[in-house]
Structures are given as structure tokens and as C-alpha cells.
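Everything below concerns the one structure shown next.
None of the figures in this text is laboratory data; all of them are computed from the coordinates on show. Predicted, not measured: the structure shown is a model, and the values here were computed from it. Backbone-built Cβ (ideal geometry, glycine too); neighbour counts: all protein chains shown.
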Amino acid sequence: MVMNCGGDLRKARLAYMKKAAPTAEKHEVRTPEDRMNKTERAYYEYLMAHLQEWGIREVRFEGLTVKLADDTRYTPDFMVLFYEKPMELHEVKGTSKKTGKPRWEDDAKVKFKVCREQNRQWKFFAVHKGLSGGWEAAL
């Protein structure tokens with residue numbers, strides 16, 4: 001790109017940068033908590049209530065993305081780091097009111113299982129709210 005800047009390249013660069021720079025009005029910054037759905041938010045609060053009891057050091061929402069193959073990635077809902085245990089990856093699912101089982105899309109279930117097989121150094125949990133109201137692990 002050639003710009004006619006009348007000999008003052010610095011001014012032209014600054015003008016271009018100012019025009020190209022994103023503004024706060026155009027781009028809304030969203031925190032991880034803003035991106036959680038109602039079930040994920042409830043599970044996050046459940047984990048936070050047990051930090052000390054379970055020795056949890058940190059909980060990150062969508063804190064890790066794993067490449068499974070070309071153009072195929074898996075991002076678990078929560079990455080849970082402990083003081084004295086291996087990292088855990090938690091996938092939160094809604095519950096079917098008819099069966100009481102977690103609701104999975106086929107591709108999400110396959111990605112979860114493939115990631116678990118490829119990364120045996122981590123623990124994987126798929127959790128859902130049971131019909132009794134408590135959290136249950138699936139798979």
C-alpha cells in the first residue's frame with residue numbers, strides 16, 4: 001500500500017494506526033463468566049464452594065483447547081488445577097427431563113472421548129445435574 005503523505009511517513013503511519021485501531025464502542029470485552037450458560041454457571045459455583053475441601057488451586061472456564069486432528073479441536077468447559085493431583089477437564093451437560101441422562105450432541109461426545117483417549121495424563125469428567133438436583137458424573 002502506497003500512501004501520499006507529503007514526505008512525513010511518521011504522520012501517515014499514526015493516522016493509519018488511529019483509523020485501524022479498534023475502539024471500545026466496536027468491541028465489547030466479555031469475561032468468561034459472561035459466556036457461561038446457566039448450567040455452567042451453577043457448576044462453576046459448585047466448584048468454587050469446594051476449593052479448599054478438594055484442594056483446588058484454580059478453575060478456568062474454557063481455559064484449554066486441544067487439537068485432535070487437522071481442523072478439529074476440543075475445548076472442555078472447565079480446566080481444574082489441583083495442588084497435589086493431576087489436572088482435570090470437566091464437560092458440563094444439560095440433563096434430559098425424560099431420561100435423567102446428559103444431553104450430548106454426537107460430535108461433542110466423540111471429541112470428548114477422542115481427547116480422553118489421546119491425553120491419558122489428565123482426568124476427564126462429563127457432569128450433569130441429576131434429577132435429584134445433585135451433580136453426577138457421566139461416561
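What is the Rg over Rh value, at two decimals, for the stretch 29-138, using alpha-carbon atoms and the Kirkwood definition of Rh?
Rounded to two decimals, Rg over Rh is 0.95.
Once you put a point 7 Å from the Cα of T72 and another 7 Å from the Cα of E53, both along the Cβ direction, what distance in nm separates them?
Distance between label points: 3.8 nm.
Pull up all non-local amide H partners of T95: gap of 5 or more, or a different chain, and H-to-H distance under 5 Å with H placed in the peptide plane.
Residues meeting the criterion, in which the H sits 1.01 Å from N, are R103, K129.
Just to confirm my numbers, what's the Cα centroid distance between the stretch 61-124 and the stretch 34-57 in Å?
About 16 Å separates the Cα centre of the stretch 61-124 from the one of the stretch 34-57.
Say the cut-off is 25 Å between C-alpha atoms; which of K93/K123; K67/K98; K67/K97 go over it?
The answer is K67/K98; K67/K97.
Provide the FRET efficiency to the nearest 0.05 for the Y46-E84 pair, computing r from the beta carbons and using R0 = 25 Å.
Efficiency at R0 = 25 Å is approximately 0.75.
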